[in-house]
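A short worksheet on the structure shown next.
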Amino acid sequence: MSLNEADTRAKLIDPALKERGWTEAHLRREESAGRIAIIEGKPVQSRQGRTDYTLRLPGAKDEQPVAVAIVEAKAEAKLPAHGLEQSKGYSRSKVLHVPFVFSTNGHLFVEFDHFTGKETEPRPLSGFPTPGELWQRYEAGMGFQLTDPAARPLLTPYHGSGESQRRYYQDAAIRAVFERMAKPNESNRALLSLATGSGKTFLAAHLLRRLADAGVLRKALFICDRKELREQGAGTIRSVFGSNAAEVKSGRPEKNARILIATYQTLGVDHDDDDSSFLTTHYPKNYFSHIIIDECHRSAWGKWSEVLDRNPDAFQIGLTATPREIKLAKKTKDVDDEQEKKIAADNIKHFGEPVYEYSLSQAMEDGYLAACDIRKRDIFLEHMPDPEEQTGLRRSQLRGKVLTDARTGGVINDADLPRDYRAQSFEKFLLLPERVQELAEDFFRGLLASGGPLQKSVIFCTSDAHAGAIARALNNCYADWCKTTGQARREPYAFKCTSASGGNDQLPDFKGAGTHHFIATTVDLITTGVDVPAIRNVVLRAISVRPSPSIRWWGGGHGLTGPRASSCSMSGITPMPPGFLDKGSSLRRLPGKRARAAAVVAQPMWKRAASRWRFAMGGTPS
């Protein structure tokens, strides 16, 4: 009787590898957290994640082993190449960042070499490469020797408990950067693309510490674009560097610290018209030996690139969560889409292709990010057969409605309106109050049906005014529910979290409080890597063809920090109840640069979507 996979590894493969010099010191079992599936509306995490067996080259005593290969073990009865295809593809060897891939059934093995792109014929396991042989082949393929001074960080161990705490992809990303540093004639820049919520700040902290312990780091700058990201980054980096890491604030350059954490605003390089005197006064040219740019997808490479220009000799590392390529369902002339493409192009132009990528889907597959249940709702205006995203609104459809100026309340003639409104302009130039009310009521009903109203949620809106209106409507829904049920109100319940409303000041309560600040309505204030582990719902109330903010929030809103599984509901535009754009509705003009683009407060007529959305939010695994 042939052996199963586990017995094949234990009785045939492990002894054969040991004979070839591969001991337990060379072997690392890289285990993922375990995939989370949503079953009957509840998240269920598999008890065991995937285990990959990597072979690592050990250096001298107290040196960090370097992963170079993955061994795919198959049951004795299977052909030796059975597991090779899935291992050598992107899914495993690239995400583990190893150049050699082996597959074996305990008797024969086959190998794929990423350096040459060639695959071998089956060979006896007794001829498996020794550690010394793979060491030589790794160095030849990389173009450097592990004993070279430039390669010293690769053999420098993690600080403290970093080796036990790090995840396999974080180690892979760090190795990818160190390999770029060690390769001769390579640029002094590296781009890392990892899903939001995958621990890029942890990665950055330990990368810098290993550089420091290797003796190659003089001064480092960790730069981000918001105060909350600076504070979040400082906490993680201080856990590794202690007092040798400091936040740069106005009037406090903190030049005694080895690691500086700063925002673009503090350095005076946020906008083209900013004064960069803080940067130029306190930090002379080439002051930093290493620079890490957090969330570099938000850069657009404006004036703040002066930080990089003033430190041309520094090794520059870009961290991003934005996919390298954003595929849209249809062509569009949306300005935001063009801006996304420009930013992505600028990142690639400056850094080059990413040296390592860890995608959102892989993070979900591994169980490090919660499962996301995606639902879409459509809104049908009047008696139109197609949803508003396709139809928009024409001026002729607004005749007979009450049109008012949103600022003064004065009546507006429909002749002063634009000929038509695209759906993307709703709640920005065309305010629709009853639409807002029904959006809020529909969402609140979903909360009640899925565990109650006290679920941490973030709702993306079209404008600051729209965010305020949604928050107000949800607060009213909550107040009515509390009165009906006799529950004491927990306030603030829903709140506007935008830059215009001082949203930064409320983020700590949203992240940490369990008895208030439940629902944040925003435009784009919290689209970057702000950790809010308790998020249960991410709701898009704005029609947009620009997917990047929602892509980043899939990760940042539901990273897993506890021992139990979690899920996150992702919803699109929701259908409206009857009464949207009825005759007699009031429409208001929004003041601002586009004064002729009326903002409408209307009671639309709607047609219920064929498939009613059933919420699947919150909950813990069974």
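Looking for something modelled with pLDDT of 80 or more, buried (at least 21 other Cβ atoms within 10 Å of the Cβ) and of a type in the set (S, T, N, Q) - is there at least one such residue anywhere in the stretch 298-313? Checking the stretch 298-313: at least one residue is modelled with pLDDT of 80 or more, buried (at least 21 other Cβ atoms within 10 Å of the Cβ) and of a type in the set (S, T, N, Q).
Looking at (1) surrounded by 15 or more Cβ atoms within 10 Å (Cβ to Cβ); (2) more than 26 Å from the chain's Cα centre (by Cα), find the lone condition where Ser501 falls short. Condition not satisfied by Ser501: (2).
Taking (1) crowded, with 20+ Cβ neighbours inside 10 Å; (2) more than 30 Å from Ala534 (Cβ to Cβ); (3) of a type in the set (A, V, I, L, M, F, W, C) in turn, Val411 satisfies each apart from (1).
All told, Arg166 meets the bar of being under 15 Å from Arg209 (Cα atoms), in contact with a Phe, Trp or Tyr (Cβ under 8 Å, 6 or more places away or on another chain) and touching a residue at least 12 places away in the same chain (Cβ under 8 Å). Please work out if Gly235 is under 23 Å from the mean Cα position of the chain (by Cα) and free of Cβ contacts under 8 Å to residues at least 12 places away in the same chain. Considered against the rule, which asks whether it is under 23 Å from the mean Cα position of the chain (by Cα) and free of Cβ contacts under 8 Å to residues at least 12 places away in the same chain, Gly235 comes out as yes. Give the residues of the stretch 487-508 that are free of Cβ contacts under 8 Å to residues at least 12 places away in the same chain and either within 15 Å of Leu454 (Cα to Cα) or among the aromatic types (Phe, Trp, Tyr) (or both), sorted by residue number. Within the stretch 487-508, Gln487, Ala488, Arg489 meet the criteria.
Screening the stretch 412-431 for residues that are touching a strand residue (DSSP E or B) at 6+ places or on another chain (Cβ under 6 Å) and among the hydrophobic types (A, V, I, L, M, F, W, C) and picking the one that is farthest from Thr462 (Cα to Cα) gives Ile412.
Residues of the stretch 261-282 include at least one that is aromatic (Phe, Trp, Tyr), in a helix (DSSP H, G or I) and touching a helix residue (DSSP H, G or I) at 6+ places or on another chain (Cβ under 6 Å). Within the stretch 373-383, if we keep just the residues that are modelled with pLDDT under 70 and open to solvent by 30 Å² or more (accessible area, probe 1.4 Å), the residue that is farthest from Arg435 (Cα to Cα) turns out to be His383. Within the stretch 99-117, residues that are open to solvent by 10 Å² or more (accessible area, probe 1.4 Å) reach partners that are basic (Lys, Arg) and in a strand (DSSP E or B) with beta carbons closer than 8 Å, at six or more positions or on different chains, in the pairs Leu108/Arg123; Phe112/Lys118.
Might you let me know whether the stretch 428-450 holds any residue that is among the hydrophobic types (A, V, I, L, M, F, W, C), under 36 Å from the mean Cα position of the chain (by Cα), surrounded by fewer than 17 Cβ atoms within 10 Å (Cβ to Cβ) and at pLDDT 85 or above? Among the residues of the stretch 428-450, at least one is among the hydrophobic types (A, V, I, L, M, F, W, C), under 36 Å from the mean Cα position of the chain (by Cα), surrounded by fewer than 17 Cβ atoms within 10 Å (Cβ to Cβ) and at pLDDT 85 or above, which makes the answer yes.
Restricting attention to the stretch 16-63, the residues being modelled with pLDDT under 90, basic (Lys, Arg) and closer than 21 Å to Tyr158 by Cβ number 2. Selection of the stretch 384-414 for residues being more than 21 Å from Leu439 (Cβ to Cβ), assigned to a loop (DSSP other than H, G, I, E, B) and not hydrophobic (A, V, I, L, M, F, W, C) yields Pro385, Arg399, Gly400, Arg407, Thr408, Gly409, Gly410, Asn413. All conditions but one from (1) of a type outside the set (S, T, N, Q); (2) at pLDDT 95 or above; (3) farther than 28 Å from Pro284 by Cβ apply to Arg152; the one that does not is (3). When Lys61 is tested against (1) within 23 Å of Ser164 (Cα to Cα); (2) touching a residue at least 12 places away in the same chain (Cβ under 8 Å); (3) not in a helix (DSSP H, G or I), just one condition goes unmet, and that condition is (2). Filter the stretch 128-139 down to the residues that are in contact (Cβ under 8 Å) with a residue 12 or more places away in the chain and part of a helix (DSSP H, G or I), then identify the one that is nearest to Glu179 (Cα to Cα). Across the stretch 128-139, the extreme among qualifying residues is Tyr138. Taking the criterion of being β-branched (Val, Ile, Thr), buried (at least 21 other Cβ atoms within 10 Å of the Cβ) and part of a loop (DSSP other than H, G, I, E, B), the only residue of the stretch 162-219 that qualifies is Thr196. Quick one: is Arg137 farther than 17 Å from Val66 by Cα, open to solvent by 60 Å² or more (accessible area, probe 1.4 Å) and at pLDDT 95 or above? The answer is no for Arg137.
The one condition from (1) open to solvent by less than 10 Å² (accessible area, probe 1.4 Å); (2) modelled with pLDDT under 85; (3) in contact with a Leu (Cβ under 9 Å, 6 or more places away or on another chain); (4) not small (Gly, Ala, Ser) that Phe518 does not meet is (2).
The values are calculated or read from the model by the stated rules, or taken from the named source; none is laboratory data. Keep in mind it's a predicted model, so treat the numbers as computed, not measured. Cβ: placed from backbone, ideal geometry, glycine included. Neighbour counts: every protein chain shown. Heavy atoms of the whole protein, side chains included, go into the accessibility calculation; ligands, DNA and RNA do not. Shrake-Rupley method; radii C 1.70, N 1.55, O 1.52, S 1.80 Å.
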